[in-house]
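The values are calculated or read from the model by the stated rules, or taken from the named source; none is laboratory data. Nothing here was measured: the structure is a model prediction, and the numbers come from that model. Reconstructed Cβ throughout: ideal geometry from the backbone, glycine too, with neighbour counts over all protein chains shown. Note: areas computed on protein heavy atoms with side chains; ligands, DNA, RNA excluded. Shrake-Rupley method; radii C 1.70, N 1.55, O 1.52, S 1.80 Å.
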Amino acid sequence: MKKARIGVLALQGAFREHVRAVTLCGGEAVEVRRQSELDGLEGLILPGGESTVMGRLLVEWNLLEPVRALCSSGIPVLATCAGLILLCREILDYPRQPRLGLLDASVRRNAFGRQVDSFSTELTLDPFPGLDSGDSLEAVFIRAPLIERIGPEVRCLACVQGKPVAVRQGNLLALSFHPELTDDLRLHRWMVHEALRRSR
Ligand code: GLN
């Protein structure tokens with residue numbers, strides 16, 4: 001049976017956990033560090049880590065434009081934490097930080113402050129493929145960003161402290177938290193299914 005080819009941006013950060021999750025969901029995970037590794041991908045994951053470092057490496061390794069083009073092509077994209085920051089149009093207080101800028105949203109980095117570096121909470125996402133309405137999911141936040149503004153094309157799927165932490169804009173699913181750090185693979189499974197459905 002054909003496996004969905006899912007790229008995981010592997011410049012820095014928590015990419016190994018995503019590779020593991022994709023593999024457990026029956027996908028073929030491809031670690032992406034150079035342009036040629038983007039060829040033939042049917043889905044892409046932008047992991048958590050340090051968005052300043054990832055942004056700088058995207059520029060240095062000539063990946064910013066090709067990754068932007070791939071994300072704009074309509075393949076499913078799952079962005080977590082620093083990945084979400086890279087995807088946003090506006091990074092508040094960091095106007096010069098390199099980004100993909102495809103998600104019509106303004107994000108605040110490290111929005112929970114130093115006293116609450118990381119925490120985990122149960123979240124209920126708005127109806128989403130693979131999740132029954134009312135199902136909750138464990139969300140792990142690590143020096144997490146919060147979204148301060150979303151554009152009209154962006155749907156908020158869940159909030160914390162009244163601000164979006166899970167949003168969707170067409171093929172882009174962006175989360176402030178880390179689903180790859182739990183055993184709950186429902187969001188990765190959505191990606192793999194969606195990638196296969198599109199390539200059929
Ligand atoms: N604080 C990081 C940043 O601003 C994101 C943290 C994470 O990805 N867990 O890039």
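Accessible area of residue 159, 1.4 Å probe, to the nearest 10 Å²?
Here the residue's solvent-accessible area equals roughly 60 Å².
Looking at the stretch 86-182, what % of its DSSP beta bridges pair antiparallel, to the nearest 5?
Taking every DSSP beta bridge with both residues in the stretch 86-182, the antiparallel ones total about 90 percent.
Once the other residues with Cβ under 13 Å from the Cβ of residue 78 are scored (Lys, Arg +1; Asp, Glu -1), what is the net sum?
-1
Could you tally the net charge around residue 156, taking each other residue with its Cβ under 14 Å from the Cβ of residue 156, Lys/Arg +1 and Asp/Glu -1?
0
Please give the contour-minus-distance gain from residue 110 to residue 135: 0.36 nm per residue of separation, less the Cα-Cα distance, rounded to one decimal in nm.
6.3 nm is the gain from fully extending residue 110 to residue 135.
Where does the charge balance sit around residue 45 when Lys and Arg score +1, Asp and Glu -1, over other residues with C-beta under 11 Å from its C-beta?
Around residue 45, the surrounding residues sum to -3.
Label-point separation (nm) for residue 199 and residue 96, each offset 7 Å from Cα along Cα-to-Cβ?
Using points 7 Å along Cα→Cβ, the separation is 4.1 nm.
Could you provide, to the nearest whole Å², the per residue accessible area of the chain with probe 1.4 Å?
45 Å²
Modelling each spin label as a point 7 Å along the Cα-to-Cβ direction, I'd like the residue 119/residue 35 distance in nm, to one decimal.
The modelled label-to-label distance comes out at 4.5 nm.
Could you tell me how many cubic angstrom of Cα convex hull volume the stretch 54-200 has per residue?
Normalising the Cα hull of the stretch 54-200 by residue number yields 118 Å³.
Quantify, in whole percent, the carbon and sulfur part of the accessible surface of the chain (1.4 Å probe; protein heavy atoms only).
Ligands and nucleic acids excluded, carbon and sulfur give 47 percent.
Given Cβ point charges of +1 (Lys, Arg) and -1 (Asp, Glu) and nothing else, what value in debye, to the nearest 20, does the dipole of the stretch 101-200 about its Cα centre take?
Approximately 400 debye in magnitude.
Which distance in Å, rounded to a whole number, links the C-alpha centroids of the stretch 184-200 and the stretch 1-15?
Cα centres, the stretch 184-200 to the stretch 1-15: 13 Å.
What accessible surface, in Å², does a 1.4 Å probe find on residue 173, ignoring ligands, DNA and RNA and rounding to the nearest 10?
So the heavy atoms of residue 173 present about 0 Å² to solvent.
With every protein chain in place, what's the accessible area of residue 135 (1.4 Å probe, Å², nearest 10)?
50 Å²
Just to make sure I understand: if all protein chains stay in place, what is the order of 121, 23, 182 by accessible area at 1.4 Å, largest first?
Ranked from most to least accessible, the order is 23, 121, 182.
When DSSP beta bridges are limited to those with both residues in the chain, what percentage is antiparallel, rounded to the nearest 5?
55 percent
Could you tell me the distance between the Cα centroids of the stretch 129-172 and the stretch 37-92, to the nearest Å?
Centre-to-centre (Cα) distance: 18 Å.
Hey, if you put +1 on the Cβ of every Lys and Arg and -1 on every Asp and Glu Cβ in the chain, which of 83, 199, 47 ends up farthest toward the positive end of that dipole?
Toward the positive end, the furthest listed residue is 199.
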